[in-house]
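In what follows, a structure is listed as structure tokens, so that the remarks can point back to it.
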Amino acid sequence: MNQSEVNTNSIRAFALAALIFGGFSIAFFFTGFLPLVFGGMSIICAVLSHREDRPFPSMSWWGVMLSCIGIFMGVLILAYAIIAFVIPMMNDPTYYQEMKNLYQNLYGINLDDYFLAQ
């Protein structure tokens, strides 16, 4: 196997990894933070698949596009979670008490102890 075959295989591998991670970033957008991780990995793999003497692989472009969409949707989910749950919980004592009861009943976690431990 000569050097050009090795370069071609590594370019394809990074381009395919960029596409897969971009797909994962869209598939897991509802978690809020995983699209940021997978999208970042997709962009890194896309950059690693680029060579100066060759055009940018199409799988890398698709991976970057998918990761940008996934990152955008993940940021929207995180913003919604903060606006809908965290800010009202900090401003409204009755809402905070309801959340404490909910977490205690569902998960067995005392939110006061949890927040103090962080």
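Any read-out appearing in this document is the output of simple, stated calculations on the displayed coordinates, not a laboratory observation. Quick caveat, the model's predicted, so the values are computed rather than measured. When we count neighbours, we look across all protein chains shown, and the Cβ atoms used for this are built from the backbone with ideal geometry, even at glycine.
Against the list (1) in contact with a Pro (Cβ under 9 Å, 6 or more places away or on another chain); (2) buried (at least 16 other Cβ atoms within 10 Å of the Cβ); (3) among the hydrophobic types (A, V, I, L, M, F, W, C), the condition PHE72 fails is (2). Residue-level check: of (1) surrounded by 14 or more Cβ atoms within 10 Å (Cβ to Cβ); (2) more than 21 Å from the chain's Cα centre (by Cα); (3) under 30 Å from LEU116 (Cβ atoms), LEU34 misses just (2). Just one of the numbered conditions (1) of a type outside the set (A, V, I, L, M); (2) under 18 Å from the mean Cα position of the chain (by Cα); (3) surrounded by 14 or more Cβ atoms within 10 Å (Cβ to Cβ) is not true of HIS50; which one? Of the numbered conditions (1) of a type outside the set (A, V, I, L, M); (2) under 18 Å from the mean Cα position of the chain (by Cα); (3) surrounded by 14 or more Cβ atoms within 10 Å (Cβ to Cβ), the odd one out for HIS50 is (2). Only one of the listed residues (GLY74, GLY108) is at positive phi and of a type outside the set (Val, Ile, Thr). That residue is GLY108. Only a single item in (1) exposed (fewer than 14 other Cβ atoms within 10 Å of the Cβ); (2) in contact with a Cys (Cβ under 8 Å, 6 or more places away or on another chain); (3) of a type in the set (Ser, Thr, Tyr) is not met by SER60, and it is number (1).
Of these, MET73, MET41, MET65, which one is closer than 30 Å to TYR96 by Cβ and free of Cβ contacts under 8 Å to residues at least 60 places away in the same chain?
Numbers: MET41 fails: closer than 30 Å to TYR96 by Cβ; MET65 fails: closer than 30 Å to TYR96 by Cβ.
Residue meeting the stated conditions: MET73.
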